[in-house]
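For reference, the structure discussed in these notes is given below.
The values are calculated or read from the model by the stated rules, or taken from the named source; none is laboratory data. Note that the coordinates shown come from a computational prediction; the quantities given were computed from them, not determined experimentally. Cβ atoms come from the backbone with ideal geometry, glycine included; neighbour counts cover every protein chain shown.
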């Protein structure tokens, strides 16, 4: 994989928080470095033009997105269910001299909701067999402050790679149109800034090359 979250989400939705943490700790312990260490490209594309403020990174993994945001002036709350992932993320933040700009929280996204609104909520590839994407979208949207931005990026159901093990789970993925429909039918008032399908070249675990498709939604929460 060439990017931080080019796989299933790091956050597990099962109600048993200890079980979710144990599962994802095991996933991270399989490798000394699970992801590329690079921030997700759609995060860079969409957040670089936003005025820095407070950001919530849902499913932060080993911390590449949170560190990129902190480097660009954001005060970040980064959430993951895996203590192993968070330990690595903290170490990377210390190496970058950004430990004071990021709060790392061990939380199970399926059973936790932040109490405050954020200027940016980023949900990158939060796909899980244990929570619907509509539920994860609703939770992410609820964490956005009025005037803040919601950024959701995930796998397009028509753009899964040949080595993906999830071709029989297309209902777990979404198009930009799906995201817009679900968001605007839910609570709150939103201005849709971006709703795109974007092709991206990726490298597989055995060096394979393929073109995948990212579904990208960026929306602003309005006061109405």
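What's the total number of residues in the stretch 92-101 that are surrounded by 13 or more Cβ atoms within 10 Å (Cβ to Cβ) and farther than 12 Å from residue 68 by Cα?
1
For the stretch 197-209, the set of residues classified as surrounded by 15 or more Cβ atoms within 10 Å (Cβ to Cβ) and at pLDDT 90 or above consists of 198, 200, listed by residue number.
Got a number for residues in the stretch 168-210 being more than 21 Å from residue 120 (Cα to Cα), assigned to a strand (DSSP E or B) and more than 20 Å from the chain's Cα centre (by Cα)? Qualifying residue count for the region: 2. Applying a threshold of 6 Å to beta carbon distances and a minimum spacing of six or more residues, or different chains, the list of pairs starting in the stretch 102-129 at a residue that is at positive phi and surrounded by 19 or more Cβ atoms within 10 Å (Cβ to Cβ) and ending at one that is modelled with pLDDT of 85 or more and part of a strand (DSSP E or B) reads 125/154.
Yes or no, residue by residue, for (1) modelled with pLDDT of 90 or more; (2) farther than 22 Å from residue 46 by Cβ:
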site: 109; (1), (2): no, no
site: 114; (1), (2): no, no
site: 126; (1), (2): no, no
site: 134; (1), (2): yes, no
site: 142; (1), (2): yes, no
site: 159; (1), (2): no, no
site: 165; (1), (2): no, yes
site: 168; (1), (2): no, yes
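Only a single criterion out of (1) at pLDDT below 95; (2) farther than 30 Å from residue 73 by Cβ; (3) surrounded by fewer than 19 Cβ atoms within 10 Å (Cβ to Cβ) is not satisfied by residue 138, namely (2). The number of residues in the stretch 42-91 being buried (at least 17 other Cβ atoms within 10 Å of the Cβ) and closer than 28 Å to residue 197 by Cβ comes to 26.
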